[in-house]
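The values are calculated or read from the model by the stated rules, or taken from the named source; none is laboratory data. As the structure is a prediction and not an experimental result, all values here were calculated from the model. All Cβ positions, glycine included, derive from the backbone under ideal geometry; neighbour counts span all protein chains shown. Please note that ligands, DNA and RNA were not included when accessible areas were found on the heavy atoms of the full protein model with its side chains. Shrake-Rupley method; radii C 1.70, N 1.55, O 1.52, S 1.80 Å.
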Amino acid sequence: MLGPNGNHVTKMTMEEYENWQSWNEWPERINDPPLTVETPFWYKGKQYMVTSLNNKYVIVSQPDFREIISNKNFKELLEMPFIDGMSFHTLIAELLFED
């Protein structure tokens, strides 16, 4: 499937996202796993990215790279409301991820 910018996109479950981030390779960091793959994604036609910036994890809007939310703990970041009062984790079934 093609996303709003013409790039290939796919949907993921939270379990698939955790596997994609290779969280199982970091059992000692179960409560704060690392970000191993920057995550560009689309929600309602707008592009965002999960990345790290200034020693914290952030969700930024694209293309302006404006910080929307941040947290030093990656897992907590994914649970924080960032749009429409919902979190990345809550919205994951509606997000389109760029390959």
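Work out, step by step, the length gained on full extension between M14 and E94: first 0.36 nm times the residue separation, then minus their alpha carbon distance; give nm to one decimal.
27.7 nm
Just the accessible area per residue of the chain, please: how many Å² with a 1.4 Å probe?
Normalised by residue count, the accessible surface of the chain is 56 Å².
Carbon-plus-sulfur fraction of the accessible area of the chain, 1.4 Å probe, in percent?
Roughly 50 percent of what the probe reaches on the chain is carbon or sulfur.
Given R₀ = 30 Å, what would the calculated FRET efficiency be for R29 paired with D84, taking r from the Cβ atoms and rounding to 0.05?
0.55
As a test of understanding, state the convex hull volume per residue of the chain from its alpha carbons, in Å³.
In the chain, the Cα convex hull volume per residue is 91 Å³.
For the chain, what is the calculated [θ] at 222 nm in deg cm²/dmol (nearest 500), taking -39500 (n - 2.57) for each run of four or more DSSP H residues and dividing by its residue count?
Mean residue ellipticity, 222 nm, calculated: -3500 deg cm²/dmol.
Could you tell me the number of lysine pairs in the chain with C-alpha atoms less than 17 Å from each other, where the two lysines are 8 or more residues apart or belong to different chains?
4
Given a 1.4 Å probe and heavy atoms of the protein chains only, how would you sort D64, D99, D32, largest accessible area at the top?
D99, D64, D32
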